[in-house]
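S.K.: Can you read through this structure? Questions will come right after.
The values are calculated or read from the model by the stated rules, or taken from the named source; none is laboratory data. Keep in mind that this is a model prediction, so the values were computed, not measured. Reconstructed Cβ throughout: ideal geometry from the backbone, glycine too, with neighbour counts over all protein chains shown. With ligands, DNA and RNA removed, areas are computed over all heavy atoms of the protein, side chains included. Shrake-Rupley method; radii C 1.70, N 1.55, O 1.52, S 1.80 Å.
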Amino acid sequence: MGPVDTVNGARKSGLANAMIETAASSVVFTIVTFATGMVLARALGPEARGVFSSVQFLAQFCLSFLSFSLFEALVMRVRQKRSEAAQAVPFAFLMSGGLWVISAAVVVVVFVFDILSFEGMADGFLLPFILILVGINLADATFGSIESADLSFHRLNIDRLVSPTAYLVVVNAFWIADRLSVETALIIFAVAKMPVMVWRLIRYRRHLVGVVDVDFARSVFSIAPKLHLATGVYGLALQFDRLIIVGRWPADWLGFYFVAHSVAGVGVVVITQAISMTLLPSLAGRPIEEQRAMLERLIRLSLAVAVFLGAFLWVAAPFIVPLVYGGDFSTASTFVRGILFAILLTPTLQILYSANRALGAAWPCIEMAIALLIVLLAGFVLTGFERPGDLFGFMFVANIVAVMSGFRHLARAGGVRPVYTLMVQPSDLRFLAEKIIVRLRRRVDGA
């Protein structure tokens with residue numbers, strides 16, 4: 001079959017428009033998530049909120065670290081072969097089933113050997129729930145990789161908003177009825193993902209069963225280990241802070257930390273999600289000359305936006321946190337300031353990471369991930385991260401070292417020119433304003 005650009009009529013757009021649209025959906029996603037976090041914090045309190053977020057984190061960690069970058073490899077192979085993404089659905093589901101078995105084995109070992117436990121929550125509930133949630137996350141990643149490989153960002157952006165919105169509505173109803181507990185909140189979280197799952201099954205019903213292309217599968221499995229040397233270690237490094245403190249810090253500290261992440265990450269999440277969802281599949285296979293100007297502009301804009309949002313939240317945190325989450329979370333405002341300092345360079349780090357991956361070279365990404373891990377591990381050995389300030393300081397230093405590593409490799413490949421990269425120019429701000437205005441006009445005209 002020849003190359004195609006759509007599946008079921010999906011609309012395509014250029015990279016800039018796709019990133020603006022994804023950023024816009026990320027804004028809505030962040031608002032919904034923020035509102036949900038507020039409800040959970042007020043309903044559950046710091047300790048139970050910490051347990052809830054820790055369980056979510058563990059299920060997501062299984063997806064990011066134990067997926068072995070097979071979904072990313074699938075996206076790259078589909079884009080390189082210019083084939084119809086939907087044809088990869090049967091293989092993607094078989095692959096997802098195998099990953100669930102591996103993840104389930106790891107989770108069972110963790111619980112059997114009592115490596116991790118949460119006070120007040122029985123293993124009889126927690127173990128099967130995490131296994132179910134890991135399976136849901138893998139199915140979601142399966143469909144997401146197909147839509148990403150097809151460059152169906154418009155459809156992907158819509159799908160990713162449905163479940164969080166449904167969850168917010170239902171969990172708010174349970175809170176008003178005074179029937180919300182940690183277990184109830186977790187069950188609702190899993191059930192809220194079902195409508196999108198069913199809709200995607202209907203959407204791809206003609207492709208769920210089919211012949212697996214053995215050559216395609218072999219090519220995915222051949223590239224995935226190379227990618228995972230970067231993505232697996234990188235994902236581990238980005239989540240190392242939470243991996244260390246879950247089960248180590250008191251439950252109320254965990255509640256403060258996860259709430260602070262929600263507040264401090266408002267702007268960062270919008271930027272990094274837009275980058276991670278659109279940059280790699282759009283850059284893969286393009287000549288380096290076509291990437292340079294766009295990458296330089298993205299780096300400059302990411303730095304400018306991160307600094308602006310960080311400064312605003314630094315000043316506003318002591319007022320926002322108690323107002324939104326209640327007086328029990330006043331201490332979290334200190335955590336917010338620490339995390340803002342720690343994650344300031346995260347959007348720039350994500351751009352450099354995605355750009356280096358798009359070049360097809362694994363080592364720069366591996367080096368960035370190793371740099372993050374080495375600094376964080378050194379901080380853990382020296383301090384044990386028994387004080388939040390120690391963790392925040394080493395996270396900031398780790399990001400600086402990783403950014404320097406990624407920038408050096410990208411500059412050597414010709415992807416960026418140092419003198420043009422770090423200085424924000426008026427044309428950059430005009431570019432951003434024009435894209436936002438054009439997008440708003442289209443929405444208004446469409447309405």
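S.K.: Considering Val162, Val209, Val170, Val198, which residue is open to solvent by 40 Å² or more (accessible area, probe 1.4 Å), modelled with pLDDT of 90 or more and within 21 Å of Ser96 (Cα to Cα)?
M.R.: Exactly one of Val162, Val209, Val170, Val198 is open to solvent by 40 Å² or more (accessible area, probe 1.4 Å), modelled with pLDDT of 90 or more and within 21 Å of Ser96 (Cα to Cα), namely Val198.
S.K.: Among the listed residues Ile176, Ile187, Ile132, identify the single one that is more than 20 Å from Arg203 (Cβ to Cβ), in contact (Cβ under 8 Å) with a residue 24 or more places away in the chain and more than 21 Å from the chain's Cα centre (by Cα).
M.R.: On inspection, the qualifying residue turns out to be Ile187.
S.K.: Restricting the search to region 341-359, which residues are over 17 Å from the mean Cα position of the chain (by Cα) and surrounded by 24 or more Cβ atoms within 10 Å (Cβ to Cβ)?
M.R.: Asn356, the sole residue that qualifies.
S.K.: Here are the criteria: (1) crowded, with 22+ Cβ neighbours inside 10 Å; (2) at pLDDT 85 or above. Tell me which single one Ala274 does not satisfy.
M.R.: Tallying (1) crowded, with 22+ Cβ neighbours inside 10 Å; (2) at pLDDT 85 or above, Ala274 fails exactly one: (2).
S.K.: Filter region 220-257 down to residues that are of a type in the set (D, E, K, R) and farther than 24 Å from Val397 by Cα, then give me how many there are.
M.R.: Keep residues of region 220-257 that are of a type in the set (D, E, K, R), which gives 226, 241-242, 248, 252.
Keeping just the survivors that are farther than 24 Å from Val397 by Cα gives 226, 252.
Residues in region 220-257 being of a type in the set (D, E, K, R) and farther than 24 Å from Val397 by Cα: 2 in total.
S.K.: If you don't mind, another one. Pull out all pairs, ordered by first then second residue, where Cβ-Cβ is under 8 Å, the residues are six or more apart or on different chains, the first lies in region 373-401 and is farther than 15 Å from Arg248 by Cα, and the second is of a type in the set (Lys, Arg) and assigned to a helix (DSSP H, G or I).
M.R.: Listed by first residue and then by second, the contacts come to nothing, as the list is empty.
S.K.: Also, quick follow-up: Looking at Phe256 and the list (1) more than 15 Å from the chain's Cα centre (by Cα); (2) open to solvent by 10 Å² or more (accessible area, probe 1.4 Å); (3) modelled with pLDDT under 90, which single condition is not satisfied?
M.R.: Here Phe256 meets the rest and fails (3).
S.K.: What number of residues within region 117-159 are open to solvent by 60 Å² or more (accessible area, probe 1.4 Å), assigned to a helix (DSSP H, G or I) and among the charged types (D, E, K, R)?
M.R.: Residues that pass the stated criteria total 2.
S.K.: What number of residues in region 36-92 are of a type in the set (Val, Ile, Thr) and within 18 Å of Arg242 (Cβ to Cβ)?
M.R.: Of the residues in that region, 2 qualify.
S.K.: Being on the phi > 0 side of the Ramachandran plot and in contact with a Lys or Arg (Cβ under 9 Å, 6 or more places away or on another chain) is the filter here; which residues of region 33-87 pass it? Please lay out each step first, then the result.
M.R.: Within region 33-87, the first condition is being on the phi > 0 side of the Ramachandran plot, and the residues that meet it are 45, 68-69, 82.
The one that is on the phi > 0 side of the Ramachandran plot and in contact with a Lys or Arg (Cβ under 9 Å, 6 or more places away or on another chain): Ser69.
S.K.: Additional query: Being in contact with a helix residue (DSSP H, G or I) (Cβ under 7 Å, 6 or more places away or on another chain) and not charged (D, E, K, R) narrows it down to one residue among Ala105, Ala43; which is it?
M.R.: Among Ala105, Ala43, only Ala43 is in contact with a helix residue (DSSP H, G or I) (Cβ under 7 Å, 6 or more places away or on another chain) and not charged (D, E, K, R).
S.K.: Which one is farthest from the chain's Cα centre (by Cα), of the residues in region 226-244 that are farther than 17 Å from Asn356 by Cβ and either open to solvent by less than 20 Å² (accessible area, probe 1.4 Å) or not charged (D, E, K, R) (or both)?
M.R.: By that ranking, first place goes to Ile244.
S.K.: Still on this model: Considering region 317-332 alone, what residues qualify as being open to solvent by 20 Å² or more (accessible area, probe 1.4 Å) and assigned to a helix (DSSP H, G or I)?
M.R.: Within region 317-332, Pro318, Phe319, Ile320, Pro322, Leu323, Val324, Gly327, Asp328 qualify.
S.K.: Additional query: Can you find a residue in region 22-39 that is at pLDDT 85 or above, touching a helix residue (DSSP H, G or I) at 6+ places or on another chain (Cβ under 8 Å) and within 30 Å of Val109 (Cβ to Cβ)?
M.R.: No, region 22-39 contains no residue that is at pLDDT 85 or above, touching a helix residue (DSSP H, G or I) at 6+ places or on another chain (Cβ under 8 Å) and within 30 Å of Val109 (Cβ to Cβ).
S.K.: Taking only pairs six or more apart or across chains, which ones have beta-carbon atoms under 8 Å, a first residue in region 216-228 that is closer than 14 Å to Trp363 by Cα, and a second residue that is open to solvent by less than 70 Å² (accessible area, probe 1.4 Å) and basic (Lys, Arg)?
M.R.: Listed by first residue and then by second, the contacts come to Ile223/Arg77; Leu227/Arg357.
S.K.: Could you list, in sequence order, all residues of region 74-104 that are among the aliphatic types (A, V, I, L, M) and either in contact with a Gly (Cβ under 6 Å, 6 or more places away or on another chain) or in contact (Cβ under 8 Å) with a residue 60 or more places away in the chain (or both)?
M.R.: Leu74, Val75, Met76, Val78, Ala85, Ala86, Ala88, Val89, Leu94, Met95
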